Amino acid sequence: MAVETYTPDTVELRMTKDAVLHFKDQLAGRAESAVRLTVKKSGCSGFMYEIDFVDVASENDRTYQFDDITLHVSDQALPVVKGTEIDYITQGINSSVQFKNPNAKAMCGCGESFTL
């Protein structure tokens with residue numbers, strides 16, 4: 001993984017209306033009130049996204065607001081997800097959260113992990 005300079009004010013994340021509606025539906029029956037995004041080393045390509053439902057941000061999280069959805073992103077993940085659009089796609093009977101990450105150079109065949 002290449003190391004790049006991180007300036008908090010330049011981190012840009014987007015969430016589509018479909019993703020906002022999906023997370024709103026997911027949070028409706030839960031005790032948690034927000035979504036947390038992290039990136040961990042894993043999978044066949046090196047990194048994978050991890051989404052959790054939480055009540056509060058962790059100490060080193062940056063918080064974003066997309067309509068009714070609060071998104072906490074770990075500081076560690078910010079350089080990796082810079083410029084990412086979070087979307088919710090339905091193709092036939094399959095639906096999934098997708099990350100359109102300009103920093104990802106390749107995805108694994110199953111789509112679960114990516115490389116920088």
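The values are calculated or read from the model by the stated rules, or taken from the named source; none is laboratory data. It should be emphasised that the depicted structure is a prediction, and the values quoted were computed from it without experimental measurement. Note: ideal-geometry Cβ built from the backbone for every residue, glycine included; neighbour counts use all protein chains shown. The protein model used for the area step is the full one, side chains on, heavy atoms only, and it has no ligands, DNA or RNA in it. Shrake-Rupley method; radii C 1.70, N 1.55, O 1.52, S 1.80 Å.
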task = Give segment 30-53 a look and list any residue that's assigned to a loop (DSSP other than H, G, I, E, B) and modelled with pLDDT of 85 or more, or say none.
result = ARG30, ALA31, GLU32, SER33
inquiry  = I'm trying to understand the selection: among the residues of segment 54-80, which are part of a loop (DSSP other than H, G, I, E, B) and open to solvent by 30 Å² or more (accessible area, probe 1.4 Å)?
reply    = ASP55, VAL56, ALA57, SER58, GLU59, ASN60, ASP67, ASP68, ASP75, GLN76
Residues that are more than 13 Å from LEU13 (Cβ to Cβ) and surrounded by 12 or more Cβ atoms within 10 Å (Cβ to Cβ), drawn from segment 81-94 = TYR88, ILE89
request  = Just need a number here: residues in segment 81-97 that are at pLDDT 90 or above, of a type in the set (A, V, I, L, M) and outside any strand (DSSP E or B).
outcome  = 1
